[in-house]
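A.B. asks: Here it is: the structure, laid out below.
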Amino acid sequence: MNTKRLTPHDVEEAARVIASGGLLGIPTETVYGLGANGLDPDAVKAIFEAKGRPQDNPLILHVPDESWLERYCGAIPAAAHTLADRFWPGPLTMILPCKKAGDGTNIVPAAVTAGLDTVGMRCPDCAVTRAVIAAAGVPVAAPSGNTSGRPSPTSAAAMLEDMEGKIDAILDDGPCSVGVESTIIDLTVTPPRLLRPGGVTLEELEDALGEVAVDEAVRRLMAPGEQPKAPGMKYRHYAPRAPVTVVKGDADMTAGYIVARMGEKSGVICFDEFRGYFRGHIVESIGPVADQAQQARRIFEALRAFDHLEVTDIWAQSPGDEGIGLAVTNRLNKAAGFHIIEL
Ligand code: TXA
Ligand code: MG
């Protein structure tokens, strides 16, 4: 198949790809997604094939506005409206109960939910994608547009590295402004539970809701047999081909620690201020120490870059855990298989 390039002027053509059961690369503020009609089980199955994604890992539904919640979700808690009013459109996915049809079955196909009674709902902060969904008239199921296990794509070019020839078209709306996937919060439990940190921060969620629990899978590796609440959190993820070691602590100390231990062919992910420490090595810097938004925008490109470079291993300076830093450290830690050295 030839993957067609579309621009933001091609909303109607993009909507036709979705409505006719095809696969469409969609821009969002977080990462590019691999979209299909979320009510068409065959189209949804094609997403899993293109990504090589395990069948037990559910997809989230993308909608153009909050009013679509009622179509696919039942028993919607007040917290969902509180969060949608405050953060939608934006990088927040809410896990909600599925709506039941008259015969008691879920309205959302099991191909999307992996058979769960809950569904993830997201309204992306990307006007062209919301227009495509509204024009298609169906919710768009979309995981991140990478091959399963690889870093998520933050540009159309990065998505095409993985999906050229596997999808009907991709709509290029430039690089993603957030750069890490949406925050996922489970609103079917009390207190609400953060399943994946992202662009909407834990602090912002606590400010809106009060108490928010943090799922264990956010901060540590799940033991074999343990079940994280977001099935996707149990898989090795975001991983470049070379093994990654994350070093956590004061930035001067982590830079010094890495310099003292790195090998001749080691690569480094560091803050801009420390590039000079690693002369003679392959270095991907992700922004100044203090600029966590930039670190979020650049982390996946940095991880992807190493797949085209000859390195034996990768050392990374870890950002802090505050604000969107929690999402960046989570992605780095997962890329490292939680191989973390704390200074
Ligand atoms: O920013 C994003 O969320 C991107 C863009 C494209 O919207 N999408 C994305 O989708 O990251 P994906 O499939 O790569 O990650 C969705 C995560 C997976 O870890 C999945 O296991 C979890 O959401 N998930 C989906 N439905 C769920 C449910 N009903 N309960 C718990 N976790 C769920
Ligand atoms: Mg993903």
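A.B. asks: Take the residue pairs Lys166/Lys229; Lys166/Lys334; Lys229/Lys265 and return only those whose Cα atoms are more than 32 Å apart.
C.D. replies: Checking Cα-Cα distances, Lys229/Lys265 exceed 32 Å.
A.B. asks: For the chain, set up a GNM with springs between Cα atoms under 10 Å and report which of Thr154, Thr312, Thr188 has the largest fluctuation.
C.D. replies: Looking only at Thr154, Thr312, Thr188, the largest GNM fluctuation is found for Thr312.
A.B. asks: Please work out the Cα center distance from region 112-177 to region 246-301, rounded to the nearest Å.
C.D. replies: Centre-to-centre (Cα) distance: 30 Å.
A.B. asks: Calculate, in nm to one decimal, what Glu164 and Glu13 gain on full extension: separation in residues at 0.36 nm each, minus their alpha carbon distance.
C.D. replies: Roughly 52.5 nm would be gained on extension.
A.B. asks: Considering Cα pairs under 8 angstrom that are at least six residues apart, work out the relative contact order of region 220-321 and quote it in whole percent.
C.D. replies: About 36 percent, as a whole number.
A.B. asks: Taking H as built 1.01 Å from N, whose amide H comes closer than 5 Å to the amide H of Leu61, not counting residues under 5 places away?
C.D. replies: Gly120, Met121, Arg122
A.B. asks: Tell me the relative contact order for the chain as a rounded percent, counting alpha carbon contacts under 8 Å between residues six or more apart.
C.D. replies: Over the chain, the number comes to 20 percent.
A.B. asks: Based on DSSP, what percent of beta bridges with both residues in region 48-168 are antiparallel, to the nearest 5?
C.D. replies: Antiparallel bridges make up about 75 percent of those DSSP assigns within region 48-168.
A.B. asks: Separate question: Taking the Cα atoms of the chain, report the difference between the largest and smallest coordinate on each principal axis, in whole Å and largest first.
C.D. replies: Its Cα atoms span 65, 48, 35 Å along the three principal axes.
A.B. asks: In whole Hz, with x marking every Gly and Pro, tabulate ³J(HN,Hα) for region 93-101 from phi via Karplus 6.51 cos²θ - 1.76 cosθ + 1.60, θ = phi - 60°.
C.D. replies: Result, rounded to whole Hz: 10, 10, 8, 9, x, 5, 7, 9, 7.
A.B. asks: Which whole-Hz couplings ³J(HN,Hα) result when phi for each residue of region 147-154 is put into the Karplus expression 6.51 cos²θ - 1.76 cosθ + 1.60, θ = phi - 60°, listed in order with x for Gly and Pro?
C.D. replies: For region 147-154, the Karplus-derived couplings read 4, 3, x, 8, x, 5, x, 10 Hz, x marking Gly and Pro.
A.B. asks: Sequence-distant or interchain residues sharing an amide H contact under 5 Å with Ser285, placed H: which?
C.D. replies: When sequence neighbours closer than 5 places are left aside, the close amide H contacts are Cys270.
A.B. asks: Considering amide H positions built from the backbone, and no H for Pro or chain starts, which residues 5 or more places from Cys73, or on another chain, come under 5 Å of its amide H?
C.D. replies: Close amide H contacts, sequence-distant or interchain: Lys99.
A.B. asks: Nearest-5 percent of antiparallel DSSP beta bridges in the chain?
C.D. replies: Given both bridge residues lie in the chain, the antiparallel proportion sits at roughly 40 percent.
A.B. asks: Connecting C-alpha atoms closer than 10 Å in a GNM of the chain, tell me which of Ala327, Ala290, Ala255 has the biggest fluctuation.
C.D. replies: So, out of Ala327, Ala290, Ala255, the one fluctuating most is Ala290.
A.B. asks: Expected output is a single nm value to one decimal: the length gained when fully extending between Arg220 and Arg261, i.e. 0.36 nm times separation in residues minus the C-alpha distance. What is it?
C.D. replies: Length difference between fully extended and current span is 12.3 nm.
A.B. asks: Running a GNM on the chain with Cα contacts under 10 Å, which residue among Thr245, Thr190, Thr118 ends up with the highest mean-square fluctuation?
C.D. replies: With Cα springs under 10 Å in the chain, the top fluctuation among Thr245, Thr190, Thr118 is at Thr190.
Coordinate-derived values only; no laboratory data. What you see is a predicted model; the values in this text were computed from it and never measured.
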